[in-house]
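Nothing in this text is a laboratory measurement; each read-out follows from the coordinates by a stated rule. Computed from a predicted model, the values in this text were never measured in an experiment. In this analysis, Cβ positions are derived from the backbone assuming ideal geometry, glycine residues included, and neighbour counts consider all displayed protein chains.
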Amino acid sequence: MQIRHSTALVTGANRGIGRSLVEALLDRGAERVYATARRIRTLDSVVELAPDRIVPLALDVTDRRQVQAAAERARDVSLLINNAGALAMGSVVDAPFELVARDIDTNYYGPLHMIRAFAPALTEQAGTRGAAIVNVLTIVALASMPGLGAYNASKAAAWSLTQSARATLAGAGVQVVGVYPGAVDTDMIRDFEMAKTAPSVIAQATLDGVETGAEDVFPDAMSRQLYEAWRADHKAVEHQFASM
């Protein structure tokens, strides 16, 4: 599908990759962008980018009632971008369970709720101007880092969800894209000492993938390198990550 004249909804749009996606959508001519965040006031500066084209919505993707309300409000959406995420530090044996549950609720159940709620609207849009779902995942969905035990698992589940949604919605003409960034320069990993990619790079590569009909997008040098290594020998990458 083409971004120009589309109507998009971005979860977690108040900062990081989400805000960069809103900016990139505007640059490419999206007609309307629903920008969502748990606290609507955090979207004030985002709305200022284009008050006539951005519609702010309060949305916690773990709350099914809020998700359904958003779907009823934004019935014209043709591009759904599931970007909202959570990251808990700790291994599978020592991460606080409430943080494990938060990661699963946000990173897996969140996109699941959104896909189920917006599938009817997207199916309707697919027949006229095209429709797509983008799930922003992570390269560690493919191979786990022990110190991110809950995050790895939640994103791996979302990777499987992405494949299932793709197969389920293919007959309706809805494109489903998985995006697998490496380290990105956002608040989520601000304390990690490593090379990081700017969120704007991830956003542009993501929308390139939508417009070219890609199923999987590896949007930065780190993710592309790791994906090629994973394709060649996934056990070697697993062992490499295990030593980190």
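Could you work out the relative contact order of segment 80-206, using alpha carbon pairs under 8 angstrom and six or more residues apart, expressed as a whole percent? Let's see the in-between values first.
Values: 190 pairs, mean separation 36.3, N = 127.
RCO, segment 80-206: 29 percent.
How high is the relative contact order of the chain? Use alpha-carbon pairs under 8 Å, at least six apart in sequence, and give a whole percent. Please list the in-between numbers first.
Working: 485 pairs, mean separation 46.8, N = 244.
RCO, the chain: 19 percent.
Given 4 °C and 1.567 mPa s, compute D for segment 1-121 with the Stokes-Einstein relation, Rh being the Kirkwood radius over Cα pairs; round to the nearest whole µm²/s. Mind dumping the intermediate values first?
Numbers: Rh = 14.7 Å.
Stokes-Einstein gives a translational diffusion coefficient of 88 µm²/s.
Order the peptides 30-43, 212-225 from the highest to the lowest mean number of other Cβ atoms within 10 Å of their residues.
Numbers: 30-43: 19.8, 212-225: 17.1.
Sorting 30-43, 212-225 by mean packing, highest first, produces 30-43, 212-225.
Counting Lys +1, Arg +1, Asp -1, Glu -1, what net charge surrounds ALA95 among other residues with beta carbon under 13 Å of its beta carbon?
Details: positive: ARG102; negative: ASP94, GLU98, ASP103.
The answer is -2.
With +1 on each Lys and Arg Cβ and -1 on each Asp and Glu Cβ, and nothing else charged, work out how big the dipole of the chain is about its Cα centre, in Debye to the nearest 20.
Numbers: 23 positive and 27 negative charges, 104 e Å.
Dipole size: approximately 500 debye.
When the Karplus curve 6.51 cos²θ - 1.76 cosθ + 1.60 is applied with θ = phi - 60°, which whole-Hz ³J(HN,Hα) does each residue of segment 200-216 get, with x for Gly and Pro?
Computed from phi, the couplings for segment 200-216 are 4, 5, 5, 4, 5, 5, 4, 5, 4, x, 4, 6, 9, x, 5, 9, 10 Hz.
Residue farthest toward the positive end of the dipole of the chain, with Cβ of Lys/Arg at +1 and Asp/Glu at -1: which of LEU80, HIS239, LEU142?
In the chain, that residue is LEU80.
When Cα Rg over 2.2 N^0.38 Å is calculated directly from the model, which label among [x] 1.00; [y] 0.96; [z] 1.30 fits?
Step by step, Cα Rg over 2.2 N^0.38 Å for this structure corresponds to label [y].
What list of ³J(HN,Hα) couplings, whole Hz, do you get for segment 221-233 from phi and the Karplus terms 6.51, -1.76, 1.60, once you set θ to phi - 60° and write x for glycine and proline?
Here the 3J(HN,Hα) series is 4, 4, 5, 5, 5, 5, 5, 5, 5, 5, 4, 6, 7 Hz.
Give the peptides 67-76, 11-20, 176-185 in descending order of average Cβ contacts within 10 Å, highest first.
On the way: 67-76: 16.9, 11-20: 24.9, 176-185: 22.5.
Top to bottom by mean Cβ count within 10 Å: 11-20, 176-185, 67-76.
Relative contact order for segment 1-73: what is it in percent, counting Cα pairs under 8 Å that are at least 6 residues apart?
Values: 119 pairs, mean separation 20.3, N = 73.
The normalised contact order for segment 1-73 reaches 28 percent.
Mind listing the long-range amide H neighbours of VAL217? Cut-off is under 5 Å, sequence gap 5 or more, other chains count too, H placed in the peptide plane at 1.01 Å from N.
Residues meeting the amide H criterion: GLY178, VAL179, TYR180.
What base-10 log of the normalised intensity I(q)/I(0) is obtained for segment 198-244 from the Debye formula, alpha carbons as equal point scatterers, at q = 0.24, 0.26, 0.31 Å⁻¹?
-0.85, -0.90, -1.03
Between SER160 and GLU48, what is the FRET efficiency for a Förster distance of 51 Å, r being their Cβ-Cβ separation, to the nearest 0.05?
Plugging the Cβ-Cβ distance into 1/(1 + (r/R0)^6) gives 0.85.
Let me have the 222 nm mean residue ellipticity of the chain computed from DSSP H runs of 4+ only, each contributing -39500 (n - 2.57), with the sum over all residues rounded to the nearest 500. Don't skip to the end; give the middle numbers.
Working: 9 runs with 107 residues, N = 244.
Estimated from H runs of four or more residues: -13500 deg cm²/dmol.
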